[in-house]
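So the structure is just underneath, and the comments pick up after that.
The values are calculated or read from the model by the stated rules, or taken from the named source; none is laboratory data. Worth saying up front: this structure is predicted, and the values here are computed from it rather than measured. For neighbour counting, all protein chains shown are included, and Cβ atoms are generated from backbone atoms with ideal geometry for every residue, glycine included. Remember, those area values only see protein heavy atoms, side chains included, never the ligands or the DNA or RNA. Shrake-Rupley method; radii C 1.70, N 1.55, O 1.52, S 1.80 Å.
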Amino acid sequence: MKHFIIILLSFSIVSCRNVEKEALTDVLSSWEGRTLMFPENPVFTRYATDTVAFSASSSTYTILHYVDSTGCQGCKLQLLLWDDFIHEADSVAGGYLSFLFYMHPKDIRDLRHSLKFDDFQHPICIDTKDSLNLLNRFPTDERLHTFLLNSRNEVVAMGNPARNQSVRNLYMQIIS
């Protein structure tokens, strides 16, 4: 009886992982090739204070990273990891890659503090109305809030390359 319970638990753990993997695969395949829409006239800032002129329209590829207002903002941002990835990707892409950071913060002061503390100098768009998400209806799984887009804003790949080495390798392979 004890072995039956262990085997049953083993199958249910594997089964849960397979179900999660299948669900993730379904989401990824439903987003592949989808054209993302962007709010009109976004305002980009540096350190969430200084407005900067910024456009990604001339890039062959764009990496869009969206951070919503749920949960721990600092945990989601991972700005130092992003800074490292940006430098690595820029060296490979040779100017054909841009980065778009859209933030829908719970507290702009906390966001400003995080940006200054980590000295994250890349422009970000503070999307207080969550317009980007409302236009595109992103998946609820925050692991799928980062997109590699082609020049037509079509999704080529999904996943966070700053936090996941496999995704990072995939992105680097595509952009190089």
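Below are the figures for this structure:
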{"quantity": "Segment 81-103: number of residues that are at pLDDT below 90 and among the aromatic types (F, W, Y)", "calculated": "1"}
{"quantity": "Residues that are buried (at least 16 other Cβ atoms within 10 Å of the Cβ) and more than 13 Å from L64 (Cα to Cα), drawn from segment 113-129", "calculated": "S114, L115, D118, F120, I126, D127"}
{"quantity": "Number of positions in segment 132-150 that are within 11 Å of D68 (Cα to Cα) and open to solvent by less than 40 Å² (accessible area, probe 1.4 Å)", "calculated": "4"}
{"quantity": "Candidate set: segment 27-47, residues that are loosely packed, with under 10 Cβ neighbours inside 10 Å and of a type outside the set (S, T, Y); chosen: the one modelled with the lowest pLDDT", "calculated": "N41"}
